[in-house]
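This report concerns only the one structure given below.
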Amino acid sequence: MGMMLPAPLTRRRPNRRSLLALVVCLPLTVLSGACGGSSSSKSLTVFAASSLTGGFTQLKAVYEKQHPGWTVSLDFAGSDTLAAQIEQGAPVDVYAAASPKYPQALQAKKLLGATTNFATNTLVLVVPASNPAHIADVSDITKGARVVIGDPSVPLGAYTETVLGTLGLTDAQLNIASRQPDAKSVIAPIALGEADAGFVYVTDALAAGSKVKQIPLPASARATATYPIGIVTGTKNEEAAQQWIDLVTGPKGQAILTGLGFGAKRVA
């Protein structure tokens, strides 16, 4: 009786449907991490003056809730710094400044579309809560107090120069401790007690709460800042950018901004 050989192994033919599913799924795996996964979210980049930090941070949450799949990337700095970055080709969708000066300069170079004024702000004099220099009136800042002001190249600094000029005060009469690039940098040393006084926007003074005390300015010396907003030329997110502007200028945006101390929008 001869030796019995094992039966030959049979190869199972692959299921065509399985192969087809694998081929179709591979590209999606690369893009979303799993077959049938959702597409990645889109991002809207907004450049805004530093004094808008509180308001725009709140509006970011509102926008993202209203537009699922979108993320708002906020970049806050001095209006001049942001304008310079736009001139250098930074990928930005929306620009909001604390003065019409820089938007107008960008428009002259065809880098920014039409703008809408969406808020106003007023300058005030602030001192630390303990008021170590005993400042009771704006004229007291000429008595050796360490004063922090905005650099003249930024809107806050320019508005401060207007206030000082109206008051008849010169730099030579003041002990200027530093000139800062934006509103947040002006109020920080005052809130920490590292300076005796400074001119800031009323919104920043309110945001600092009990850390600072406001000293009223004469009505004739008050300066009002106007905030314009527009879509940066060349954006690939024009519709989303307009939706952001509509939110800022609409009832919800205006309620948030006025709640933080901004004045209502006004026509140019």
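A compact table of results
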{"read-out": "Spin-label pair ALA172/GLU238, simplified geometry with 7 Å Cα→Cβ offset, distance in nm", "value": "5.4 nm"}
{"read-out": "Amide H contacts of SER73 (H built 1.01 Å from N, under 5 Å, at least 5 apart or other chain)", "value": "LEU44, THR45, VAL46"}
{"read-out": "Where the Cα pairs of segment 152-268 fall when distances are cut into 10 Å bins, in %", "value": "11, 35, 33, 16, 5, 0"}
{"read-out": "Segment 168-212: Rg to Rh, with Rh as the Kirkwood radius over Cα pairs", "value": "0.98"}
{"read-out": "Whole-number percent relative contact order across segment 166-268, with pairs defined as alpha carbons under 8 Å at least 6 apart", "value": "22 percent"}
{"read-out": "Extent along principal axes [Cα atoms of segment 54-146; Å; largest to smallest]", "value": "52, 35, 22"}
{"read-out": "Under Karplus coefficients 6.51, -1.76 and 1.60, residue-wise ³J(HN,Hα) of segment 163-174 in Hz, glycine/proline x", "value": "4, 4, x, 5, 7, x, 9, 10, 4, 5, 8, 10"}
{"read-out": "Derived scalar couplings ³J(HN,Hα) [segment 127-132; Karplus, 6.51 cos²θ - 1.76 cosθ + 1.60; whole Hz; x for Gly, Pro]", "value": "9, x, 4, 7, 6, x"}
{"read-out": "Heavy-atom accessible area per residue - segment 171-268, 1.4 Å, Å²", "value": "47 Å²"}
{"read-out": "Cross-link reach list, lysines versus LYS213, counting only Cα pairs under 22 Å and skipping chain neighbours closer than eight places", "value": "LYS143, LYS184"}
{"read-out": "Two-site label geometry, SER41 and GLN66: point separation in nm, points 7 Å out along Cα→Cβ", "value": "1.7 nm"}
{"read-out": "Under 5 Å, built H, 5+ apart or other chain: amide partners of LYS213", "value": "VAL127, ALA129"}
{"read-out": "Additional length obtainable on full extension of the chain from ALA264 to GLU161, 0.36 nm per residue less Cα span", "value": "34.7 nm"}
{"read-out": "Built amide H within the under 5 Å cut-off of GLN180, gap 5+", "value": "ILE149, GLY150, ASP151"}
{"read-out": "Two-site FRET efficiency, LYS143 against GLN85, from Cβ-Cβ distance with R₀ of 51 Å, rounded to 0.05", "value": "0.80"}
{"read-out": "Vicinal HN-Hα couplings computed from phi for segment 47-58 (Karplus, 6.51 cos²θ - 1.76 cosθ + 1.60; Hz; Gly/Pro x)", "value": "9, 9, 4, 4, 5, 9, 3, x, x, 6, 5, 5"}
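The values are calculated or read from the model by the stated rules, or taken from the named source; none is laboratory data. Bear in mind the structure is a predicted one, so any value in this text is a computation, not a measurement. Here Cβ is always computed from backbone atoms with ideal geometry, including for glycine, and neighbour counts include all displayed protein chains. Side chains are part of the model used for accessible areas, which takes the heavy atoms of the whole protein and leaves out ligands, DNA and RNA. Shrake-Rupley method; radii C 1.70, N 1.55, O 1.52, S 1.80 Å.
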